[in-house]
Amino acid sequence: MAEQTGKINKRVVIEGVTPEIDSGRYPIKRVVGEKVVVEADVFTDGHEAVSCELRFRQKESQTWTAVPMQALVNDRWTAEFTVTEMGQYRYTIHAWLDHFKFWAQSLVKRLDAAQDVGIELVIGANLVGEAAARAEGSDAERLALYRRVMEGGTAESIQAALSEELALLMYRYSDKDSGTIYDKDLGITVDRERARYGAWYEFFPRSCWTQDCTHGTFADCEARLPYVAGLGFNVLYLPPIHPIGHNHRKGKNNSTVAREGDVGSPWAIGSELGGHKSISPDLGTLDDFKRFMRQAAEFDIEIALDIAFQCSPDHPYVKEHPEWFRSRPDGTIQYAENPPKKYEDIYPFDFDTPHWRELWDELRSVIEYWVEQGVKIFRVDNPHTKSLRFWEWAISNIKEKYPETIFLAEAFTRPKVMYFLAKIGFTQSYNYFAWRNTRYELMEYFTELTKTEVREFFRPNLWPNTPDILTELLQVGGRPAFTTRLVLAATLGASYGIYGPAYEQCVNEPMAPGKEEYLNSEKYEIKHWDVTRPDSLAWLVSRLNSIRRENMALHSNESVRFYQTGNDAIIAYSKTTEDLSNVILTVVNLDPDHMQSGVLELPLEELGIDPVQPYQVHDLLTDNRYIWSGSHNYVELNPNPLPAHVFRVRKRVRSEQDFDYYG
């Protein structure tokens, strides 16, 4: 609705504003340097002309910057601006009756009809005089001059009245006071680039042990950094690094009975040695952890920590604040359950406690503590099982003080809950990629994520596996399935990750048929990984991450477009930069057991390719190059050794030396 002030009748209507999430309740997301393109329906009664502008400001500023909006069709208007700083922005729309523009449009019609325009020039001169009174300095002088010329009623008067300079001056000094301001200031959360683009790697620090010890330390993790850097990852995510409880500790394969030497689950946080602000002494000290982060930074790797707001029965919170937990009728504290599963080694917080304010403050302080130690990225465990309003408050509180902080929601849950977590502040989100296997499923899902309103607030981070998830396809598809899912994750997602070294070593044995859990899961035992194995997919991981770094088209998601191949076992899609200087075309065989072929159909002109000239497709995985002609080209992919092409499309250009080459 239009804003109404006093007795002024706001005749201009503003509606249908995009982007606008839930009537403006939640902000859209951008990273520094990205554009915000805004559209709106703007109109008025009758035939009068309207003008409008897009206004934006940083939240802390009281000064709006205005950008003129341009008319599209059917009363639709658009404008854009670029966000340049991290933090919160606001934007809105201001529209008004533009009497001079309407007058100029009418003047042209009268001239075309060969009518006398003497009186019209006087009316126009008066409008210019009113604008001159609102203007200052040289602009006021120019407007006064235009008024005098227009009052002359000559051919020169008409030429002056329709000049571009006068139109710009009259727009600048329009009478906007009686205009309509959209009744919402819409929000934007602006993050750093890592929020949009990154390659994540997960490993368990305690499994980074060498032959002369049985439990890895942060010093051992430092020794693993060259391997992670060689794979090309820029975010290294660690499961919880805190002391692990003893009471009801889980044994191997999630056994309810722990034997001597069983190390338990890192997510059973807390013991007599400390809680969420402590480090397990088996890993080292806080100084050791800080040294590890500094060493990682030397490899351009950021450390991401796990935030798991739950406690072992031995956590200091249980003794110090029993009111933060739910009690059973027998007086014991309720452990976590997801029937028929029982997690006796974990106590969930009771977010319905009357003491919720103290609980919220303490949990927020946990995040802030690790930020103060230098951690800027957090993977949040099961946020959908905690208070949603707590997350909205806590993330807002943290990002207001530390806008560079990134929160990844590990929430494999219902779509509306998953999307709501993104709306209330989570920077990135786990998603359903792991279970989207067919061509149709992938196309449908990524069209939803990139071509609908969802793209404005939900940033997917694609993981083909996690310590909790070993999908059926990976179990039965062998090495080709691991290769296929890796290529899809790395090229469909600007952000993606793998749990390794299990992934690059193609570990695929489930706990039991029909289960998506690993046999001998690293969640409950220390593993020794030989990262030098010659059959590892490390070479492919490294190559894909190098391709990602070198091709800006893969640094975002919105440009993805899918193509027909004539074969549902083959999926093909492109990503491009806005200027089409970088075009990446990915073709993947989704069948892990058989060779598949098809005819790929490309809209050449939309990709900036001359349809009558040959062009080169350069396979960045194998370095093979092919000359294609026209929009239809044959592809054939064998699941072994490599079921995918990642092409850079190189168009024929002319060099200064006057010979053809592909740039």
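The values are calculated or read from the model by the stated rules, or taken from the named source; none is laboratory data. Everything numeric in this text was worked out from a predicted model, so none of it was measured. Virtual Cβ from ideal backbone geometry, glycine too; neighbours counted across all protein chains shown. What goes into the accessible areas is simple: the full protein's heavy atoms, side chains included, and nothing from ligands, DNA or RNA. Shrake-Rupley method; radii C 1.70, N 1.55, O 1.52, S 1.80 Å.
Structure notes:
For every residue, the table says whether it meets (1) touching a Lys or Arg at 6+ places or on another chain (Cβ under 7 Å); (2) hydrophobic (A, V, I, L, M, F, W, C); (3) in a helix (DSSP H, G or I).
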residue: 351; (1), (2), (3): yes, yes, no
residue: 367; (1), (2), (3): no, yes, yes
residue: 375; (1), (2), (3): no, yes, no
residue: 390; (1), (2), (3): no, yes, yes
residue: 400; (1), (2), (3): no, no, yes
residue: 422; (1), (2), (3): no, yes, yes
residue: 434; (1), (2), (3): no, yes, yes
residue: 441; (1), (2), (3): no, no, yes
residue: 445; (1), (2), (3): yes, no, yes
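- Number of the condition not met by residue 48 [criteria: (1) more than 24 Å from the chain's Cα centre (by Cα); (2) closer than 19 Å to residue 172 by Cα; (3) in a strand (DSSP E or B)]: (3)
- Just one of (1) touching a strand residue (DSSP E or B) at 6+ places or on another chain (Cβ under 8 Å); (2) exposed (fewer than 15 other Cβ atoms within 10 Å of the Cβ); (3) farther than 28 Å from residue 248 by Cβ fails for residue 334. It is (3).
- Residues that are assigned to a strand (DSSP E or B) and within 25 Å of residue 395 (Cα to Cα) within region 322-349 comprise 325, 336, 347, 348, 349, listed in sequence order.
- Among residues of region 363-393, those that are of a type outside the set (A, V, I, L, M), closer than 15 Å to residue 317 by Cα and surrounded by 16 or more Cβ atoms within 10 Å (Cβ to Cβ), counted: 1
- Only a single criterion out of (1) acidic (Asp, Glu); (2) outside any loop (DSSP other than H, G, I, E, B); (3) surrounded by 13 or more Cβ atoms within 10 Å (Cβ to Cβ) is not satisfied by residue 606, namely (3).
- Yes/no for residue 72 being surrounded by fewer than 20 Cβ atoms within 10 Å (Cβ to Cβ) and modelled with pLDDT under 95: no
Matching residues to (1) assigned to a loop (DSSP other than H, G, I, E, B); (2) touching a Pro at 6+ places or on another chain (Cβ under 6 Å); (3) of a type outside the set (A, V, I, L, M):
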residue	(1), (2), (3)
246	yes, no, yes
253	no, no, yes
261	yes, no, yes
265	yes, no, yes
276	yes, no, yes
280	yes, yes, yes
284	yes, no, yes
291	no, no, yes
295	no, no, yes
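Per-residue answers, yes or no, for (1) out of contact with any Ser or Thr (no Cβ under 6 Å at 6 or more places or on another chain); (2) at pLDDT 95 or above; (3) more than 27 Å from residue 292 (Cα to Cα); (4) among the charged types (D, E, K, R):
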site	(1), (2), (3), (4)
376	no, yes, no, yes
384	no, yes, yes, no
405	yes, yes, no, no
417	yes, yes, yes, no
422	no, yes, yes, no
426	yes, yes, no, no
432	yes, yes, yes, no
446	yes, yes, yes, no
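- Considering residues of region 384-408 that are β-branched (Val, Ile, Thr) and farther than 18 Å from residue 324 by Cα only, the residue farthest from the chain's Cα centre (by Cα): 398
- Residue among 223, 167 that alone is within 30 Å of residue 14 (Cα to Cα) and either part of a helix (DSSP H, G or I) or among the aromatic types (Phe, Trp, Tyr) (or both): 167
- Single residue of region 448-461 satisfying the filter (open to solvent by less than 60 Å² (accessible area, probe 1.4 Å) and outside any loop (DSSP other than H, G, I, E, B)) that is farthest from residue 19 (Cα to Cα): 461
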